[in-house]
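> Questions regarding the structure given below will be posed in turn.
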Amino acid sequence: FQRWRNLKSTTGSLTPKSQTKSPYKIENKELKSYINAHPDAYLNEIAAHFGVTAPCISIGLKRLKITRKKSPFSIKKETK
């Protein structure tokens, strides 16, 4: 209750501040072209190329709806 009172006295209203969205660290086109050129690259290798962390690459791939796991159906086809 005290924080609300302080907020009302300093800003004059109780409306929450809007959160600004930060831009992506990696451009979608660059990441897609790198994945197409290096389909077997590990996340750490991709991260080293772009100068970011592996979780950042993972988030970028999820944003582009690209999966890095092998499909069990394609593995069965290759082993036959």
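The values are calculated or read from the model by the stated rules, or taken from the named source; none is laboratory data. Values in this document were obtained by computation on a predicted structure and should not be read as measured data. Reconstructed Cβ throughout: ideal geometry from the backbone, glycine too, with neighbour counts over all protein chains shown. With ligands, DNA and RNA removed, areas are computed over all heavy atoms of the protein, side chains included. Shrake-Rupley method; radii C 1.70, N 1.55, O 1.52, S 1.80 Å.
> Return only the number of the condition from (1) at pLDDT below 90; (2) open to solvent by less than 50 Å² (accessible area, probe 1.4 Å); (3) not β-branched (Val, Ile, Thr) that Arg68 does not satisfy.
It is condition (2) that Arg68 fails.
> How many residues, within segment 22-57, are in contact with a Gly (Cβ under 9 Å, 6 or more places away or on another chain) and part of a loop (DSSP other than H, G, I, E, B)?
Within segment 22-57, residues that are in contact with a Gly (Cβ under 9 Å, 6 or more places away or on another chain) and part of a loop (DSSP other than H, G, I, E, B) number 4.
> I would also like to ask the following. Out of all the residues in segment 3-21, is one or more part of a helix (DSSP H, G or I) and open to solvent by less than 70 Å² (accessible area, probe 1.4 Å)? Even if it seems obvious, please write down each step before you answer.
Taking segment 3-21 first, the residues part of a helix (DSSP H, G or I) are 3-11.
Checking the rest, the ones that are also open to solvent by less than 70 Å² (accessible area, probe 1.4 Å) come to 7.
Yes, segment 3-21 contains at least one residue that is part of a helix (DSSP H, G or I) and open to solvent by less than 70 Å² (accessible area, probe 1.4 Å).
> Cβ-Cβ under 9 Å, sequence separation 6+ or interchain: first residue in segment 42-56 and surrounded by 15 or more Cβ atoms within 10 Å (Cβ to Cβ), partner of a type in the set (Asp, Glu). Which pairs?
Phe50/Glu30
> Further question: Taking the residues in segment 1-56 that are in contact with a His (Cβ under 9 Å, 6 or more places away or on another chain) and aliphatic (A, V, I, L, M) as candidates, determine which candidate is nearest to Thr67 (Cα to Cα). Reasoning before the result, please.
As a first pass, look at segment 1-56 and keep what is in contact with a His (Cβ under 9 Å, 6 or more places away or on another chain): 34, 38, 41, 45-46, 49.
Then keep just the ones that are aliphatic (A, V, I, L, M); that gives 41, 46.
Working: Ala41: 13, Ile46: 14 Å.
Ranking the qualifying residues of segment 1-56, first place goes to Ala41.
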